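Written out below as structure tokens is the structure these notes cover.
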Amino acid sequence: MSTKPGSTTGRTSNFRGPDVPSPEDMYKCVHCGFCLQACPTYLETGLEAESPRGRIALMKAVEEGRTEITEAIVGHWDKCLQCRACEVVCPSGVPYGRLMEATRANVESVFQRGFKQRKARNMGFNGVLPNTKRLNRIGGVLRFYQKSGLQTIARKTGAVRLAPGGKLEKYLPKLSDKFFITSGQLIRPEGEVRARVTLLGGCVMRLTHASTLEAVTRVLARNGVEVYVPESQGCCGALNAHSGERDSARDMARKNIDAFLEVETDAIIVASAGCGSTMKEYDELLASDLEYADKAAEVAERTKDIHEFLSDLGFEVPTGSLATKGVDLKVTYQDSCHLGHAQQITTPPRELLKAIPGLQFVEMEESLVCCGSAGTYSLIEQGMSTRLGNRKAGHIAASNADVVATANPGCVIQMEQALTRAGERAQVRYVIDLMDESYRLGDAAD
């Protein structure tokens, strides 16, 4: 029987340190089971410990002093995708995402991971992601590796397996020919200025899908929006926050808050679902920071997903048809978890797609079930990530769509790899790419 907060049974919590999950949050869970069929890892395994209520039960056991934080318990928490599908269906309003982030932060402060994992985490979360110049340099090296033919040689000869981290090389996404550099550029619309915004470049998306960020600026300008890209911005901190590295996540949040508040704009536009979700929760991340709490709340309030912003603003309907030889392009949509679940934005992306001429929109089964990308999850939990990617690829194939559209770089990379494994023909595109293409085709036809 669980001990409720405030009881007099001498409960001693085994959560320790500055970041601990709130007992008030965890005891909102009444173990009703509504979350089970929404949880991707439970759907795949059928195991109670791989469900939200199972993981919360483990939190309660640690909170009540019935167990220490053990390797087995950490394993179940690590398997969580943090897709937050459970939050949408929970009748008790359990803030599961907040609980899991705090739990993982506590794990990192009291639990000793293996040496290789500690080194990799420290290098990635503290050495690379917070440092834009270092990230650009590493990206440049990897792009040369891909473009020069070295990747092909390394894979054919098997040499890649001998390199440190070689087993992860197969997950390396294709790097953009030209990175999206945040240099303080200002993109002005040709006509009347309807709104002024700043744009997040982020980290991964700048390197892997730079052309989409360029498309974002064109689509916004087309709709009368002036776009400023602050030079001093950096990674939003989402990957760090989700992985329990909250101190570095806070530092990254402060950097972005300073960058985005240096000018007065109507909104901060984000084209990556995971980044948008985290920035909208900067107020929670920095709630105890006396200097930044109010500024964090302002940034959280101003942050808008690109689809959300265009839908609210009212967009120019594109006129260029995407049909080929008179046949409409059949497009389905995959809801990125941190857009559909965390931000509760599901209609605007579909609204934009349905406005494009020569496009036949079709829904696919389980569009809101996680594809298995989940930030660094695809690298750390490769088995489960692959299973979920294969599940998603099957649903895309069943929709008979030519294109699956989405709104997050991790989702694009994950689905491309899953579709390739399955031998499926469907392409993966961003919603904004399709909209930009329609605008340009319309201009060419005039």
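Derivation of every value follows stated rules applied to the coordinates shown; laboratory data play no part. Values in this document were obtained by computation on a predicted structure and should not be read as measured data. Methodologically, a virtual Cβ is constructed for each residue, glycine included, from the backbone with ideal geometry; neighbour enumeration extends over all protein chains shown.
Numerical summary
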| quantity | calculated |
| --- | --- |
| Over the stretch 186-313: Rg over Rh, Cα atoms, Kirkwood Rh | 0.97 |
| Residues listed by number, the stretch 53-75, amide nitrogen under 16 Å from Val110 label point at 7 Å toward C-beta | 56-75 |
| Under 16 Å from the Cα of Lys174 - aspartates and glutamates, other chains or at least 8 residues apart | Glu416 |
| Theoretical FRET efficiency, 1/(1+(r/R0)^6), r = Cβ-Cβ of Thr347 and Val89, R0 25 Å, to 0.05 | 0.85 |
| Candidates per trypsin sites (Lys or Arg not before Pro) in the stretch 307-392, loop by DSSP, up to 14 other Cβ within 10 Å | Lys325 |
| Distance from the stretch 19-78 to the stretch 98-165 (C-alpha centre basis), Å | 28 Å |
| Cα-centred dipole magnitude for the chain, charges only on beta-carbon of K, R (+1) and D, E (-1), debye, nearest 20 | 1980 debye |
| Residue-span extension gain [Asn14 to Glu192] - 0.36 nm each, minus C-alpha spacing | 58.2 nm |
| Degrees, to the nearest 10: 293-302 long Cα axis against longest axis of the chain | 40 degrees |
| Where labels lie 7 Å past Cα in the beta-carbon direction, separation of Met123 and Glu316 in nm | 4.7 nm |
| Cys with no candidate disulfide partner in the chain (beta-carbon separation under 4.7 Å rule) | Cys29, Cys32, Cys39, Cys80, Cys90, Cys371, Cys411 |
| Taking N as its residue count, the alpha carbon Rg of the stretch 126-171 over 2.2 N^0.38 Å | 1.28 |
| Sorted peptide list for 377-383, 216-222, criterion being average Cβ within 10 angstrom, highest first | 216-222, 377-383 |
| Gained length - Thr386 relative to Leu162, 0.36 nm times residue gap less alpha-carbon distance | 78.3 nm |
| Stretch gain in nm, segment Phe144-Thr45, where the contour uses 0.36 nm per residue and the Cα spacing is subtracted | 31.6 nm |
| For peptides 335-342, 140-147, sequence by mean Cβ density within 10 Å, most packed first | 335-342, 140-147 |
| Derived scalar couplings ³J(HN,Hα) [the stretch 268-284; Karplus, 6.51 cos²θ - 1.76 cosθ + 1.60; whole Hz; x for Gly, Pro] | 10, 8, 10, 9, 10, 4, x, 5, x, 4, 5, 5, 6, 10, 4, 5, 6 |
| Mean residue ellipticity (222 nm) of the chain, computed from DSSP H runs ≥ 4 via -39,500 (n - 2.57), nearest 500 | -13500 deg cm²/dmol |
| Among Glu71, Glu63, Glu87, residue whose mean-square fluctuation peaks in a GNM of the chain (springs only between Cα atoms under 10 Å) | Glu71 |
| ³J(HN,Hα), Karplus 6.51/-1.76/1.60, whole Hz, each residue of the stretch 122-131, x for Gly, Pro | 5, 5, x, 6, 10, x, 9, 4, x, 10 |
| Label-point separation, Ile153 to Glu169 (7 Å along Cα→Cβ), nm | 1.2 nm |
| The chain, relative contact order [Cα under 8 Å, separation at least 6], % | 14 percent |
| Under the Karplus curve 6.51 cos²θ - 1.76 cosθ + 1.60, θ = phi - 60°, whole-Hz ³J(HN,Hα) for the stretch 416-430, x wherever Gly or Pro sits | 4, 5, 5, 5, 5, 4, 7, x, 8, 8, 4, 8, 10, 9, 7 |
| Coil-residue trypsin sites (Lys or Arg not before Pro) of the stretch 399-434, DSSP, other Cβ within 10 Å capped at 10 | Arg425 |
